[in-house]
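What follows draws every value from the coordinates through simple rules; no lab data is involved. The shown structure was predicted, so the numbers you read here are calculated from the model rather than taken from an experiment. Note that we place each Cβ from the backbone using ideal geometry, even for glycine, and neighbour counts take in every protein chain shown.
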């Protein structure tokens with residue numbers, strides 16, 4: 001009897017840990033995509049190339065990503081890239097919770 005009462009709680013705890021791991025992995029991927037976009041923005045004056053680099057780094061999730069690039073034309077100033085990806089936590093369980101996972105990176109303009 002006790003086993004039947006404890007199993008749902010343990011299962012819920014395991015699913016929670018897995019979801020936290022998925023969100024953490026997605027956060028790392030988004031920060032890496034922002035870094036790739038910032039590297040491209042620092043090296044080239046075309047912001048579209050920075051957006052393309054950030055989306056390419058995300059793979060399939062890049063299609064739904066929102067990428068913003070701020071790049072001054074003065075060498076030595078900071079180029080900044082922000083990447084935001086929508087993520088649904090607990091999809092299929094109580095309707096799920098939607099949140100945006102955001103990453104930001106900046107690098108100095110080289111040319």
Item checked: Inter-label distance for residue 10 and residue 63, nm, one decimal - labels placed 7 Å from Cα along Cα-to-Cβ -> 4.0
Margin query: Nearest 10 degrees is fine. How inclined is helix 2-43 to the longest principal axis of the chain, computing both from alpha carbons?
Written below: 0
Notebook entry, point to check: With the chain treated as a Gaussian network of Cα nodes joined by springs under 10 Å, which of 11, 78, 99 yields the largest mean-square fluctuation?
Noted result: 11
Note to self: Neighbour counts of other C-beta atoms within 10 Å: give me 19, 110 arranged from fewest to most.
What the structure shows: 110, 19
Note to self: If I model a spin label as a point 7 Å beyond the Cα along the Cα-Cβ vector, how far apart are those points for residue 2 and residue 70 in nm?
What the structure shows: 5.8
Checklist line | Reported label for calculated Cα Rg over 2.2 N^0.38 Å given (1) 1.33; (2) 2.29; (3) 1.44 | finding: (3)
Next item on the list: With everything on Cα atoms, drop me the angle between helix 47-58 and the longest principal axis of the chain, reported from 0 to 90° to the nearest 10.
Entry: 30
Next item on the list: Could you work out which residue, out of 34, 54, 43, moves most in a Gaussian network model of the chain, that is, has the largest mean-square fluctuation with Cα springs under 10 Å?
Entry: 43
Next item on the list: Please find, in a Gaussian network model of the chain (springs between Cα atoms separated by less than 10 Å), the residue of 35, 70, 55 whose mean-square fluctuation is greatest.
Entry: 70
Checklist line | Efficiency of FRET from Cβ geometry, residue 110 and residue 89, R₀ 35 Å, rounded to 0.05 | finding: 0.35
Next item on the list: Determine the calculated [θ] at 222 nm for the chain from helices alone, applying -39500 (n - 2.57) to every DSSP H run no shorter than 4 residues and normalising by the residue count; nearest 500 deg cm²/dmol.
Entry: -17500 deg cm²/dmol
